[in-house]
Amino acid sequence: MQRIEDFMHELFEEHANVERAKLAAYREFRDRFFVEAYEPFNNHEFRHSCEAEKLESITDSGAEAVVTTSTVLRSLRLQYRYYLQARGEKWVVSNVESSCPICDGTGRFPHERQCSHCTGTGWLVLAA
């Protein structure tokens, strides 16, 4: 069976490659239709965030695993939780969650009020 660490490093690398390709395609579009300084969003920061993603923890139960990672986007520290399933001798991602940027993954606001953005879980589902 493929090691989870190897699968995740391969996932990080391919994700960064996709972001590089998107940035290259966007530059051609931007150069053709907009002034040089026009940047509606910063793909460089997102790509660097993908490249900087690091493993934090792995919980492996055989046919399934949960991997928590962290990265920094601008000055925001983000965590991701990947749910993996074994498929033959490899792993595949079945779900991804992100720590809530509103409550910083705590599920609460000051004065013990539940975060309405993540409904108190501290996590947001990115894909299912």
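Throughout, read-outs are computed from the coordinates displayed, never taken from laboratory work. Only a predicted model underlies this, so the values are computations on that prediction, with no experimental measurement involved. Cβ atoms come from the backbone with ideal geometry, glycine included; neighbour counts cover every protein chain shown.
Region 107-125 and region 66-95 have Cα centres separated by 21 Å. Shown for 83, 38: other C-beta atoms within 10 Å of each C-beta, ranked fewest to most, produce the order 38, 83. Here the calculated FRET efficiency for residue 23 and residue 63, from their Cβ-Cβ distance with R0 = 30 Å, stands at 0.25, rounded to the nearest 0.05.
No disulfide-compatible partner, judged by a Cβ distance under 4.7 Å, exists for the following cysteines of the chain: 50. Once the C-beta distance of residue 31 and residue 72 is scaled by a Förster radius of 30 Å, the resulting FRET efficiency is 0.55 to the nearest 0.05.
Each listed q (0.16, 0.18, 0.23 Å⁻¹) maps to a log10 I(q)/I(0) for region 4-127, found by the Debye formula over equal Cα scatterers with no solvent: -0.89, -1.02, -1.27.
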